[in-house]
Amino acid sequence: TATAELLQKLAQTPKLDSNRYQVEGEVDRGGMGAILRIRDGHLNRRLAMKVLLPRQAPRNDEQQKLAHQILGRFLEEAQVTSQLDHPGVVPVHELGLDQNGRVFFTMRLVKGKNAGEIFQQARAAEDGWTPTRALDVILKVCDTMSYAHEKGVLHRDLKPQNIMVGRFGEVYVMDWGLAKVLRQAARNEACVAAADGPEDPWVETVRMRDAEEDGDGTMVTGRHHALGTPSYMAPEQARREVLDARVDVYAIGAMLYQLLTGQAPYVVPGVKQFARDIIKQVGEGPPRRIEDLAKEAPVELVAIAEKAMQRDREQRYASAVELATDLRAFLDQRSVKAYRTG
């Protein structure tokens with residue numbers, strides 16, 4: 001497979017230079033990999049290095065398939081992130097193997113807070129943050145996703161914890177590990193592009209070239225639940241249907257819901273909820289109305305969030321561009337389309 005060929009090439013290249021790069025500690029870890037803070041002694045700078053976590057040897061075919069998916073997705077995350085050349089995506093510097101044979105890639109070390117923390121500060125009017133200023137964070141996410149959709153990439157796991165906000169206004173969409181790279185036939189239908197196609201070439205990865213496919217490209221657990229974050233998951237994603245750019249539009253709407261109400265959709269503060277229970281609720285109906293949780297929320301923003309989170313994706317904004325247009329109209333005190341027609 002193309003994935004195996006890439007691993008073979010990586011094995012033939014020099015391993016991570018331990019004399020140049022010193023690991024200073026772990027920053028974070030997820031289901032696939034750990035993010036380490038490293039120091040580049042040659043350029044006197046600090047970087048982030050994401051390494052694939054070691055796993056036990058597969059004991060059956062299902063575990064073998066999952067291990068294959070995780071490796072493929074890790075490599076694809078590195079390739080997708082490196083090809084999304086946009087200010088809202090962290091630049092990737094290098095892909096390789098470390099001294100222990102683990103796959104890694106290095107990228108800019110982002111310092112700041114995630115959007116969830118920013119939303120809390122905005123609602124409490126702390127550290128100079130206001131709800132209006134926090135809307136600019138969501139707008140930058142819309143701009144980044146508009147670019148990614150034009151390149152044929154769906155994120156599929158947008159949530160406040162995956163949005164990093166720097167001290168000087170930088171906004172980064174992080175963690176593309178569950179990204180879906182659309183094939184040519186789907187791109188023309190699902191992506192936001194000009195009639196003659198985007199100026200930049202489509203994102204291409206080795207996983208796309210592999211003959212073996214894992215269904216619609218959605219990685220699943222042993223219980224056959226699509227991976228993602230249930231509170232921000234569109235109904236069609238929870239049902240594991242074929243997805244298009246509107247799955248990310250829904251997730252951005254869910255982030256706006258959290259900014260307005262102070263809580264994620266389907267989440268009850270102080271009550272422990274299992275992911276499978278939230279997924280069930282997503283399948284059964286919409287979350288609590290914003291008006292019931294935040295009576296002071298501007299009606300135009302409520303209309304925007306509700307349109308972005310429509311259960312029928314045909315009723316949502318067709319693109320992140322359209323969603324951003326309505327948000328900018330609100331900020332400019334112009335007529336908001338979702339409110340005028342809703």
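Computed values, structure above
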| item | result |
| --- | --- |
| Residues with amide H under 5 Å from that of Val171, placed H, sequence gap 5 or more | Gly166 |
| Nearest-0.05 FRET efficiency for Thr13 and Glu204, computed from C-beta distance (R0 22 Å) | 0.60 |
| Calculated P(r) tail over 20 Å for region 94-160, as whole % of Cα pairs | 53 |
| Dimensionless Rg over Rh [the chain; C-alpha; Kirkwood] | 0.97 |
| Rounded accessible area per residue of the chain, 1.4 Å, Å² | 50 |
| Longest site-free stretch - the chain; sites: chymotrypsin sites (Phe, Trp or Tyr not before Pro), DSSP loop, at most 11 other Cβ within 10 Å | 1-167 |
| Debye equation applied to the C-alpha atoms of region 60-189, log10 I(q)/I(0) at 0.09, 0.16, 0.21, 0.22 Å⁻¹ | -0.32, -0.88, -1.22, -1.28 |
| Residues Ser335 and Arg311, FRET efficiency given R0 of 35 Å [Cβ-Cβ distance, rounded to 0.05] | 0.85 |
| Protein accessible area in the chain, 1.4 Å probe - carbon and sulfur % | 48 |
| Neighbourhood charge, 12 Å Cβ-Cβ cut-off, centred on Gln161 and excluding it, Lys, Arg +1 and Asp, Glu -1 | -2 |
| Accessible-area value, Arg246, 1.4 Å probe, nucleic acids and ligands omitted, Å² | 40 |
| Reachable lysines from Lys113, criterion Cα separation under 18 angstrom, eight or more residues apart if same chain | Lys140, Lys159 |
| Principal axis dimensions, largest first and in whole angstrom, of region 26-107 by Cα | 45, 27, 20 |
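The values are calculated or read from the model by the stated rules, or taken from the named source; none is laboratory data. Because the structure is predicted, anything quoted here is derived from the model rather than measured. Reconstructed Cβ throughout: ideal geometry from the backbone, glycine too, with neighbour counts over all protein chains shown. Side chains included, ligands, DNA and RNA excluded: accessible areas come from the protein's heavy atoms. Shrake-Rupley method; radii C 1.70, N 1.55, O 1.52, S 1.80 Å.
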